[in-house]
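All remarks here apply to the structure that follows.
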Amino acid sequence: MRQNIMRQGMTGVSDSSDSSDKAANPVERKPGSAGTAGAAAPAIKFIPALSDAQGARQAWDLFTAVFQTQPEGVWDAPGRVNLIGEHTDYNGGLCLPIALPHRTFIALRSRTDTQVNLVSSINPDSLAHADLQGLEAGGVEGWAAYPVGVAWAMRRQGLPVRGFDAAFVSCLPLGAGLSSSAAMTCSTALALDEAFNLGYGKSDEGRVTLISMAIASENEMAGASTGGLDQNASMRCQEGKALLLDCRPGLTSFENVSQQDCDLSAYGLELLVVDTCAPHQLNDGQYAQRRATCEAAAHKLGVANLREVADTLAAQTGDDEEARLAALKTVVNKLDNPVEMKRVRHVVTEIWRVTEFVRAFAQGDIERAGHLFNASHVSLRDDYQVTVPELDLAVETARANGAYGARMTGGGFGGSIIALVNQGQSQPLAQKIATAFADRGFNQPRALTAVASGPAQRVL
Ligand code: GLA
């Protein structure tokens, strides 16, 4: 039985086929300028990040106003952009996210019963309620499924978690492919961890347990497929670092991440993020389809996952790129299905690109790093087929206007692009993209600047 959730206006769930962006969020999507082709583009808006102090204060104030008592504390968790390594996580591959300065804040107070009461600044006049007692997978509707599902997953593991009251505030844009849902589940997991003295949040190894609760919530309570990239980024990214995440099954928390220096300013660079504000289709199942196709292809090729193909071919051919591609062609040709052939080609080459990007960036070879961004986008567009015209236009405009490279980031089917540009170029480039969008009659996009930030934390 689904629980009766009162959630007037609590929009923001499932409006994106990118499972990373289905949580409630106060940065609402504005109706765009569709149909206004040729009109001058208004100035593009850059979304500022709330400081820890601002976010903590807002969440605290919302909590006290709604629940008439003080919270036990305020925690936050960041959204992410993935630099490269898209649709590789569920194939046992590599990804390279950074945490955004844009975060979701949760003020929380534990309860002695099993009731959960939630409010979001998106609609502070409307509360969502659930009862953890007797709750089953899929038993909560709407955005509340994300935080409630975390407590549900913890209890299922036998952890001593009860009900709670919580207030959410966020500066992460919704439906932008920037993991607002992971920011919500991970901030909730960390808050519950402290409120119920579980002790997992203090170590990286313990955080991996909290990540598994966040993933269970998204998969089983909210019904959103996710491969783990977003939750690992939100819980484990470090300030000034990109998280090289190795999703090969069976690795320990000591083996599956390495922190890579990511000080863009040291290279005189900025990372521009443009949310295309492209309309998303609701729950269109495209993500799950891609995943199923990859699994079927791996099965036909006699491997546990497509990472094995990438590793085997890389070991056989070393640094000889031509030989690698030829070897990949031979493997791909064993598949009789043209769709499977394309999907495998994307996943395997994308895993290789992550390794190459890490090497190029560490060596300061920014031209090469930019080239790899571009190649990743082309592969996602042509082989994985997860881009939309807005993403392609934003990337093309960025490339035509001085970016070293640009690509879609996140699950695709809408959402955001990232562009690697010289310092000071983000604003003019974003405006050029806005103009190109106005010319095509697309929605007005919006932007933010990505700086590699820290993981989920307690802020008050
Ligand atoms: C979404 C999913 C992630 C990952 C990306 C694509 O964000 O939640 O797990 O699969 O898409 O890289």
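The values are calculated or read from the model by the stated rules, or taken from the named source; none is laboratory data. Quick caveat: nothing in here was measured; it's all calculated off a predicted structure. Glycine also receives a Cβ, built like all others from the backbone with ideal geometry; neighbour counts cover every protein chain displayed.
Scanning the range 360-411 for residues that are in a loop (DSSP other than H, G, I, E, B) and among the acidic types (Asp, Glu) gives Asp365, Asp383.
Are any residues in the range 420-460 of a type in the set (Phe, Trp, Tyr) and out of contact with any Asp or Glu (no Cβ under 6 Å at 6 or more places or on another chain), and if so, which ones? Within the range 420-460, just Phe437 meets the criteria.
Return yes or no: is Thr449 surrounded by fewer than 24 Cβ atoms within 10 Å (Cβ to Cβ), more than 16 Å from the ligand (Cβ to nearest atom) and part of a strand (DSSP E or B)? Yes, satisfied.
Condition check ((1) among the basic types (Lys, Arg); (2) under 26 Å from the mean Cα position of the chain (by Cα)) across all residues:
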| position | (1), (2) |
| --- | --- |
| Gln58 | no, yes |
| Phe63 | no, no |
| Val66 | no, no |
| Glu86 | no, yes |
| Ile98 | no, yes |
| Arg103 | yes, yes |
| Ser110 | no, no |
| Val119 | no, yes |
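Name the single residue, out of those in the range 393-421 being away from the ligand (no atom under 16 Å from the Cβ) and of a type in the set (S, T, N, Q), that is surrounded by the most Cβ atoms within 10 Å (Cβ to Cβ). In this case the residue turns out to be Thr397. In the set Gln444, Gln363, Gln431, Gln425, only one residue is away from the ligand (no atom under 16 Å from the Cβ) and under 30 Å from Asp204 (Cα atoms); that residue is Gln363. Do you know which residues across the range 193-217 are within 16 Å of the ligand (Cβ to nearest atom) and of a type outside the set (Gly, Ala, Ser)? Within the range 193-217, Val208, Ile211, Met213, Ile215 meet the criteria. Pairs linking a residue in the range 409-423 that is touching a residue at least 12 places away in the same chain (Cβ under 8 Å) and aliphatic (A, V, I, L, M) to a residue that is assigned to a strand (DSSP E or B) and within 13 Å of the ligand (Cβ to nearest atom), with Cβ atoms under 6 Å and 6 or more positions apart or on different chains, are Ile417/Met408; Ile418/Val81; Ile418/Thr409. Among residues of the range 226-255 being more than 16 Å from Cys186 (Cα to Cα) and among the polar types (S, T, N, Q), the one that is nearest to the ligand (Cβ to nearest atom) is Ser253.
When you scan the range 62-75, do you find a residue that is in contact (Cβ under 8 Å) with a residue 60 or more places away in the chain and closer than 15 Å to Gly177 by Cα, even just one? The answer is no; no qualifying residue exists. Against the definition (within 16 Å of the ligand (Cβ to nearest atom), assigned to a helix (DSSP H, G or I) and of a type in the set (Gly, Ala, Ser)), how does Ser187 come out, yes or no? Judged against the criteria, Ser187 is not a match.
Mind checking whether some residue in the range 41-52 is modelled with pLDDT under 95, more than 16 Å from the ligand (Cβ to nearest atom) and closer than 29 Å to Val421 by Cα? Looking for residues that are modelled with pLDDT under 95, more than 16 Å from the ligand (Cβ to nearest atom) and closer than 29 Å to Val421 by Cα, one finds at least one in the range 41-52, hence yes. On the basis of being under 17 Å from the mean Cα position of the chain (by Cα), of a type in the set (A, V, I, L, M, F, W, C) and more than 17 Å from Arg103 (Cα to Cα), does Cys247 make the cut? Taking the combined requirement at face value, the residue satisfies it.
Within the range 217-233, the presence of at least one residue that is acidic (Asp, Glu) and surrounded by fewer than 24 Cβ atoms within 10 Å (Cβ to Cβ) is confirmed. Regarding the range 342-351, can at least one residue be identified that is touching a Lys or Arg at 6+ places or on another chain (Cβ under 7 Å) and crowded, with 23+ Cβ neighbours inside 10 Å? There is at least one residue in the range 342-351 that is touching a Lys or Arg at 6+ places or on another chain (Cβ under 7 Å) and crowded, with 23+ Cβ neighbours inside 10 Å. Among the residues of the range 103-123, is there at least one that is touching a Leu at 6+ places or on another chain (Cβ under 8 Å), under 19 Å from Gly228 (Cα atoms) and either free of Cβ contacts under 8 Å to residues at least 24 places away in the same chain or surrounded by 21 or more Cβ atoms within 10 Å (Cβ to Cβ) (or both)? Yes - at least one qualifying residue is present in the range 103-123.
With respect to the conditions (1) touching a strand residue (DSSP E or B) at 6+ places or on another chain (Cβ under 7 Å); (2) more than 16 Å from the ligand (Cβ to nearest atom); (3) closer than 29 Å to Pro160 by Cβ, Pro101 lacks only one, and its number is (3). In the set (1) surrounded by fewer than 19 Cβ atoms within 10 Å (Cβ to Cβ); (2) over 15 Å from Gly85 (Cβ atoms), Ala360 fails one condition alone, (2).
Going by what's in this entry, would Glu220 be described as part of a helix (DSSP H, G or I) and away from the ligand (no atom under 16 Å from the Cβ)? So Glu220 does not fit the description; no.
Return yes when Arg207 is touching a residue at least 12 places away in the same chain (Cβ under 8 Å), among the basic types (Lys, Arg) and closer than 24 Å to Ala369 by Cβ and no when it is not. Spelling it out, it is not the case that Arg207 is touching a residue at least 12 places away in the same chain (Cβ under 8 Å), among the basic types (Lys, Arg) and closer than 24 Å to Ala369 by Cβ.
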